[in-house]
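Handing you a structure now.
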Amino acid sequence: MADGAAVQQERLDALLDERRTFPPSEEFRRQANAADHAIYQRAAADPEAFWADEAARIDWFKPWDKVLEWNFPWAKWFVGGKLNVTYNCVDRHAAGPRRNKAAIIWEGEPGDSRVLTFGMLQREVNRFANALKSLGVRKGDRVAVYMGMVPELPIALLACAKIGAPHSVVFGGFSAESLRERINDAQAKVLITCDGAWRRGHVVHLKHNADEALHGTPSIEKVIVVHRVGERAEAAMHEGRDLWWHHLVEHASDKCEAEPMDAEDILYLLYTSGTTGKPKGIVHTTGGYLVGTAATHRYIFDVKENDVYWCTADIGWVTGHSYIVYGPLANGTTSLMYEGSPDYPDRGRFWQIAHKYGVNILYTAPTAIRTFMRWGTEWPAKYDLSSLRLLGTVGEPINPEAWIWYNQHIGRERCPIVDTWWQTETGMCMITPLPGLTATKPGSATRPFPGIDAEVLDEKGERVGPGAGGYLVLNKPWPAMFRTIYGDPERYVRQYWSRYPGRYFAGDGAKVDDDGYFWLLGRVDDVMNVSGHRISTYEVESALVDHPSVAEAAVIGKTHDVKGQAISAFVTLKEGTPATDHLKEELKQHVAHKIGALARPDDIFFSAELPKTRSAKIMRRLLRDIAEGRVLGDTTTLADPAVVASLRQQYEAKE
Ligand code: ATP
Ligand code: MG
């Protein structure tokens, strides 16, 4: 046992061998929104006072009586306060000097574009809010949204928030079946969709899928359809049920009073991406959510009045909700949104957009960065990216090699990188650098945001020492936290608040290093047990991605009679690299060299693609099902079912 612990310690010491640190430049620190380390002490000493100060930047119709009421595990923030999210995100800016400032810059995939100033956005939101009212949508009614990334999407969300109707966005890449399940769970009254969406020059048949979903959704009374792709969508309109967006708003008034909402009224529902199992309807409320997203957005992204800020997520995910729509607009920021694919019409599209609009802040995901690495540096090199000032990443642990690449080829070694850990449930970034204060380390999300109390515990609930792996927990409530799972409060308690009494169980593995930095190791399920040693899939993947031939890797532990689990790796090679047996051996060697012999994969499979969720996260649980010859678990959130089928064939051929 002692021997095992020593080996494990050695492995953790060697973890990624990551000693590089990147302190912020003095120049950046001086101008940063958070420029003094005292922010951490102030927030730790009195988190409620810290959040109350942030809440004072929001306009309240009625001030709160109490900052926090914590009745474990039920939280109420800004108790008794009344406000409206859309009033804060749009109306108050439209009434002041930001009236003619761009609120949303939209770039369509085919190359069309649209800019909405705060004044224009206000009129569009009001028209659509009135249209919803005319269809009988009232405060508290749920509205389902299944759209592409068009300007009508944020307009729809803001209109719902204006009248107090919780929205439930279902990502446009989901199937009819997934949409139906989510509509029924939320009992939505209205569905807003598009005739179709552009994706890589092809049409995604949203209305067609919606029609299929709507056979079996008795709660839906009306369907509103945005005209986006036209004839190619082949969208049939159902008399009496379906209405065109543009007809509805044509004669609607552009004046609409914001509904005063209780701080704890529901703002929206959002189903998690389903990486680990059946999606859960996460409930976010009004006051705390707005305070939390606005404050984190301002400090973490260091946004300035004239910045163009671009978060590349889809609004179908929480990242888009919190950091394309609510956080940025609450701060009066110009938020860019792009409709389509990063490789249309060519692989330089993101950089062309960044250049075209002079993007200052870019927030994207490790999976995108790894894709760009695979495509080669010549694409970003073609464009002047000197407007960029700050880079961000979210969604998965970022492999140090991808971090370094992002820093070199996109940030050109001038831009701080914020690696932000958070979840649909947390609503806002929780573990993250503050770019003017934190010396970053590639692969580490660094430290809890001010006022956030995070820890890493072992099985028994003891705090683990520096370098040892364990489970990430949060010890105190935070304003943007979810309040429950829609319709399933028991699951809320069981899944998140029961593992360690008094604490939030995130479901992610992590370790803390000597400097108090957090290193996320992936989901708890993604930690393998090989001959008694706990090895994270992410570490082995990072070692593989570190090899010059590897673009992307997914690693799983497969049941093994002797070792408990044996490591199988699924690897995507960089373009033009031949998949040879020799290379397999070389990769096994490489992992053994980087981490230790115990992490050497037993099997390596080369694959052109890896199975991912529609939010582009690797679904290791399906790879485990394949490797162990099981019936596949829930696959409704899988982006491309063909990938799994072909992997299964390969795997079985080998067995
Ligand atoms: P489900 O909960 O339905 O299985 P999901 O966890 O993928 O789906 P999200 O809420 O979108 O749904 O993702 C949150 C998870 O993403 C985190 O728990 C963590 O595993 C991962 N994650 C997000 N950001 C980071 C980051 N910066 N570093 C490491 N992991 C991250
Ligand atoms: Mg999750």
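Among residues belonging to segment 265-281 that are at pLDDT 85 or above and within 9 Å of ligand 2 (Cβ to nearest atom), point out the one that is surrounded by the most Cβ atoms within 10 Å (Cβ to Cβ).
K280
Could you please find all residues in segment 498-507 being in contact (Cβ under 8 Å) with a residue 40 or more places away in the chain and within 15 Å of ligand 1 (Cβ to nearest atom)?
If the condition is that a residue be in contact (Cβ under 8 Å) with a residue 40 or more places away in the chain and within 15 Å of ligand 1 (Cβ to nearest atom), then Y504, A506, G507 are the ones that fit.
Might you let me know whether segment 141-151 holds any residue that is more than 22 Å from the chain's Cα centre (by Cα), over 25 Å from A616 (Cβ atoms) and surrounded by fewer than 22 Cβ atoms within 10 Å (Cβ to Cβ)?
Looking through segment 141-151, at least one residue is more than 22 Å from the chain's Cα centre (by Cα), over 25 Å from A616 (Cβ atoms) and surrounded by fewer than 22 Cβ atoms within 10 Å (Cβ to Cβ).
Yes/no matrix, rows are residues, columns are (1) within 16 Å of ligand 2 (Cβ to nearest atom); (2) at pLDDT below 85; (3) within 21 Å of the chain's Cα centre (by Cα); (4) more than 27 Å from F72 (Cα to Cα):
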residue	(1), (2), (3), (4)
D508	yes, no, yes, no
W519	no, no, yes, yes
N529	no, yes, no, yes
A553	no, no, yes, yes
H560	no, no, no, yes
K563	no, yes, no, yes
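Another question, if that's okay. Mind listing whichever residues of segment 425-445 are within 18 Å of the chain's Cα centre (by Cα) and either away from ligand 1 (no atom under 16 Å from the Cβ) or hydroxyl-bearing (S, T, Y) (or both)?
T426, T432, S444 - these are the residues of segment 425-445 that are within 18 Å of the chain's Cα centre (by Cα) and either away from ligand 1 (no atom under 16 Å from the Cβ) or hydroxyl-bearing (S, T, Y) (or both).
I need the strands (runs of 3 or more DSSP E) fully contained in segment 514-628, keeping only those with at least 1 residues that are within 16 Å of ligand 1 (Cβ to nearest atom) and of a type in the set (V, I, T).
So the answer is 527-530, 550-560.
Let me ask something additional. Which condition number in (1) more than 20 Å from V67 (Cα to Cα); (2) more than 16 Å from ligand 2 (Cβ to nearest atom) is the one that Q495 fails?
Looking at each condition in turn, Q495 falls short on (2).
If we scan segment 420-435, do we find a residue that is more than 16 Å from ligand 2 (Cβ to nearest atom) and in a strand (DSSP E or B)?
Scanning segment 420-435, I find no residue that is more than 16 Å from ligand 2 (Cβ to nearest atom) and in a strand (DSSP E or B), so the answer is no.
Check off (1) open to solvent by less than 10 Å² (accessible area, probe 1.4 Å); (2) within 25 Å of E231 (Cβ to Cβ); (3) without any contact (Cβ under 8 Å) to a residue 40 or more places away in the chain for L116 and give me the number that stays unchecked.
Status for L116: all satisfied but (2).
Got at least one residue in segment 456-468 being within 16 Å of ligand 2 (Cβ to nearest atom) and assigned to a strand (DSSP E or B)?
No, there is no match, as no residue in segment 456-468 is within 16 Å of ligand 2 (Cβ to nearest atom) and assigned to a strand (DSSP E or B).
On to the next question. Just to check your reading of the model, which residue among L206, L214 is open to solvent by less than 10 Å² (accessible area, probe 1.4 Å), at pLDDT 95 or above and farther than 22 Å from A252 by Cα?
Every option except L206 fails the conditions.
Also, quick follow-up: Tell me the residue from N184, N130 that is more than 21 Å from S322 (Cβ to Cβ) and in contact (Cβ under 8 Å) with a residue 60 or more places away in the chain, please.
The match here is N130.
Next question. Looking only at residues that are on the phi < 0 side of the Ramachandran plot and open to solvent by 30 Å² or more (accessible area, probe 1.4 Å) in segment 398-424, which one is farthest from ligand 1 (Cβ to nearest atom)?
R414
The values are calculated or read from the model by the stated rules, or taken from the named source; none is laboratory data. For clarity, every value in this text was computed on a predicted model and none was experimentally measured. Ideal geometry is used to build each Cβ from the backbone, glycine not excepted, and the neighbour counts take in all protein chains shown. Only protein heavy atoms, including side chains, enter the accessible area calculation; ligands, DNA and RNA are left aside. Shrake-Rupley method; radii C 1.70, N 1.55, O 1.52, S 1.80 Å.
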